[in-house]
Amino acid sequence: MIVGLRGALETKGADWVQVRVGGVSLQVSVPPSTLGELGSPGEEVRLHTHLVVKEDGLALYGFSTPEALRLFHLLTSVNGIGPKTALALLSALGPYNLAGAIVSGDEGALGQAPGVGKRLASRIVLELKEKLEKEGVPAPTTAAGGDGDVLAALMALGYSGQEARRAIAELGASSGATMEERLRQALQRLGRG
């Protein structure tokens, strides 16, 4: 079982990286949150990994933190969720927000991930809420301080949940601005990034 790797980052794709470990290059599927933390090609990286053996081959999934890997394991333990759906959930929300959405029972947030409908979101909450509460995962307050509409609009425009939340967090408190003003400000911040 391959549970981690350390090596030189060779190249990045939309949802994968290639890492040279010794004389071997490994392709690892990763969520965008991990992609952003890895640095540039040539730099040394460390990933916590999970190897999936299928009839048609092997797939290696990597994460920058052991917490993200733990959440990936929990998600794949839910009936109907395979590694690709688990990765889509982690990509759409990020590990912290995903765990918070599960603990708070926010099925709408879970449904933002591709391939996750209302029934699957309900099953995720049902099967994982208690497990995460036992691990001490706090339920978040309202999305980005009450900017749920801004978050939804940014994600509808194609930004990831993590990018949208980061832009909203950079705005600070709403101070009476309308949703449209907050959306415009968030888009300006994303345009500078």
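The values are calculated or read from the model by the stated rules, or taken from the named source; none is laboratory data. Everything quoted here is computed from the prediction, not taken from an experiment. Note that we place each Cβ from the backbone using ideal geometry, even for glycine, and neighbour counts take in every protein chain shown.
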Task: Residue match in the stretch 39-46 (condition: under 18 Å from the mean Cα position of the chain (by Cα) and closer than 24 Å to PRO114 by Cβ) - done: no
Task: Count of residues meeting criterion [in contact with a helix residue (DSSP H, G or I) (Cβ under 6 Å, 6 or more places away or on another chain) and either of a type in the set (Ser, Thr, Tyr) or more than 23 Å from THR76 (Cα to Cα) (or both)] in the stretch 30-60 - done: 1
- [ ] Could you please tell me which pairs satisfy a Cβ distance under 8 Å, a separation of 6+ or placement on different chains, a first residue in the stretch 80-102 that is free of Cβ contacts under 8 Å to residues at least 40 places away in the same chain and farther than 22 Å from VAL28 by Cα, and a second residue that is outside any helix (DSSP H, G or I) and hydrophobic (A, V, I, L, M, F, W, C)?
- [x] ALA99/VAL137; ILE102/VAL137
Open item on the list: Condition check: acidic (Asp, Glu) and in contact with a Leu (Cβ under 6 Å, 6 or more places away or on another chain). Does GLU55 satisfy that?
Closed with: no
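Residue by residue, here is whether (1) touching a His at 6+ places or on another chain (Cβ under 9 Å); (2) within 23 Å of LEU71 (Cα to Cα); (3) not in a strand (DSSP E or B) holds:
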| site | (1), (2), (3) |
| --- | --- |
| ILE2 | yes, yes, yes |
| ARG6 | no, yes, no |
| LEU9 | no, no, no |
| ALA14 | no, yes, yes |
| VAL17 | no, yes, no |
| ARG20 | no, no, no |
| GLN27 | no, yes, no |
| THR34 | no, yes, yes |
| GLY42 | no, no, yes |
Open item on the list: Which of the helices (runs of 4 or more DSSP H) found entirely inside the stretch 94-193 contain at least 3 residues meeting this: modelled with pLDDT of 80 or more?
Closed with: 95-104, 107-110, 118-134, 179-192
Open item on the list: With the structure loaded, tell me whether ALA88 is part of a helix (DSSP H, G or I) and either small (Gly, Ala, Ser) or within 23 Å of LEU151 (Cβ to Cβ) (or both) or whether it fails that test.
Closed with: yes
Task: Odd one out for SER64, checked against (1) farther than 19 Å from GLY82 by Cβ; (2) exposed (fewer than 13 other Cβ atoms within 10 Å of the Cβ); (3) of a type in the set (Gly, Ala, Ser) - done: (2)
Task: VAL17 being in contact with a Leu (Cβ under 8 Å, 6 or more places away or on another chain), over 22 Å from ILE124 (Cα atoms) and surrounded by 19 or more Cβ atoms within 10 Å (Cβ to Cβ) - done: yes
